[in-house]
Amino acid sequence: MIWETSPAAAELEEKMMSWLKRMTGIPEEFAGVIQDTASSSTLCAILSARERFTDFAINEHGPGAFRPFRVYCSAETHSSIEKDVRIAGIGRENLVRIAMDNSYRLNPQALARAIDDDTAAGLTPLCVVATLGTTGSTAIDPLDEIAEITHRRSIWLHVDAAFAGSALVLPEYRWMIRGIEHVDSFVFNPHKWMFTNFDCSAYFVRDPATLIRTFEIVPEYLKKRTASPVKNYRDWGIPLGRRFRALKLWFVIRNFGVEEIRARFRHHIALAKELEEEINSSPDFELITPRTLNLVCFRYRPAGIDDEQEINRINELLERSLNESGRLYLSHTKLGNRYTLRIVIGQTNVQRRHVVEAWKFLREEARSLKL
């Protein structure tokens, strides 16, 4: 709970968050803490935004007479955002889902209009959640444009990079965080792609004092004798008791090294690019959205079938057939009401032959379907 009960755990966590900043290009002025999941991290961000706006009055007195708060995200944002908004007492109907562009990214112009309309209607824009790597298609919201909007209006900007944030280890993907100088909080999960066992969520915040004041509570039995520079991470999130999550992250980074992590990420992305090209050249398959990282979104579209509902039915049938085979497991989503199959190439030891065999088996199963 506090530094005194386990100095090694606290000190290693602080060191690991410093390492991750150096590895990913997150600015040095951010402070970091390991949470369990991005769901908890985003809840911390929304609660911090609420308390900063109200000068911590809601923590002290309850919601009182504050005007309804509004939180903004795209329709492709992870479902946990809605859960967090509900838990924070803001209410599901005050989560505003912003229109997207043709690449399923949040549309900044639509965001600005929604914020201004809400302000004119007497509502309180509180927080914007930008996503780097949406769950459905790994779309990357235009952070620099979003950050300009929130900075100009003094609105908390939280970035959910739960999956794709690991790619920031690659210098060629640092473009994703242009505008981070105006971000208030940022999360990514090493347990999603950086080879770390669940659960391990890296949460960074520009103003740790706001985070600590939002969650700090000091009963007599938790009062400390150590000097103030020591970090007591029980005040940096929801639970008091905490696991030693920093240790497994240390094992991963020390075992692979930064250059090997980069090499494996590049390998995954290259394999996904090969698969994307195979799908593009296949007459009976089509990409649903351009590949961003290592997730490929596609569907089976047999020649002569143009009815969208029938194509959706066929792809659902194909997915079921593949998954019941025991040889391959796919997940799906719906993008623009199109039933979309997805292959993500990110397992620690995946090889090219695995992808080649999967694509071969997938085509065989598609041809064998009784339509």
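Within the chain, the longest run free of trypsin sites (Lys or Arg not before Pro) that sit in a DSSP loop with at most 14 other Cβ atoms within 10 Å is 1-177. When each full DSSP H helix of the chain is screened for a Cα extent of at least 20 Å along its own axis and an average Kyte-Doolittle hydropathy of at least -1.0, the helices passing are 7-24, 38-53, 258-280.
Spin-label model, Ser321/Asn337: points 7 Å from Cα along the beta carbon direction are separated by 2.6 nm. Calculated FRET efficiency, Asp116 to Leu287, Cβ-Cβ distance, R0 = 30 Å: about 0.25 to the nearest 0.05.
Spin-label model, Lys83/His151: points 7 Å from Cα along the beta carbon direction are separated by 3.3 nm. Cβ-to-Cβ counts within 10 Å put Glu4, Glu172, Glu365, Glu319 in ascending order as Glu172, Glu4, Glu365, Glu319, the fewest first. Classify region 317-371 from the C-alpha gyration tensor, please: rounded if a/c falls under 1.5, else prolate or oblate depending on whether a/b exceeds b/c. Verdict is oblate for region 317-371. Using the Cα gyration tensor of region 3-256, with a ≥ b ≥ c the square roots of its eigenvalues, what is the shape: rounded (a/c below 1.5), prolate (a/b larger than b/c) or oblate (neither)? Since a/c reaches 1.5 but b/c is at least a/b, the shape of region 3-256 is classed as oblate.
In the chain, helices alone account for a calculated mean residue ellipticity at 222 nm of -13000 deg cm²/dmol, with every DSSP H run of four or more residues adding -39,500 (n - 2.57).
Taking Cβ atoms as reference points and 12 Å as the exclusive limit, the residues near Tyr104 contribute a net charge of 0, counting Lys and Arg as +1 and Asp and Glu as -1. Of the chymotrypsin sites (Phe, Trp or Tyr not before Pro) found in region 224-317, those in coil by DSSP whose Cβ has at most 15 other Cβ atoms within 10 Å are Phe244. Straight-distance candidates among the lysines for linking to Lys370, with alpha-carbon spacing under 28 Å and chain neighbours fewer than 8 residues away dropped: Lys334, Lys360. Centroid-to-centroid, using Cα positions, region 60-92 and region 132-149 are 20 Å apart. Taking chymotrypsin sites (Phe, Trp or Tyr not before Pro) across region 321-371, the ones in a DSSP loop with at most 12 further Cβ atoms lying within 10 angstrom of their Cβ are Tyr329. Once the chain from Lys15 to Glu181 is taken as fully extended at 0.36 nm per residue, the excess over their C-alpha distance is 57.5 nm.
Laboratory data are not the source of any read-out in this text; all were calculated from the coordinates shown. Just so it is clear, the model here is predicted, and its values are computed rather than measured. Reconstructed Cβ throughout: ideal geometry from the backbone, glycine too, with neighbour counts over all protein chains shown.
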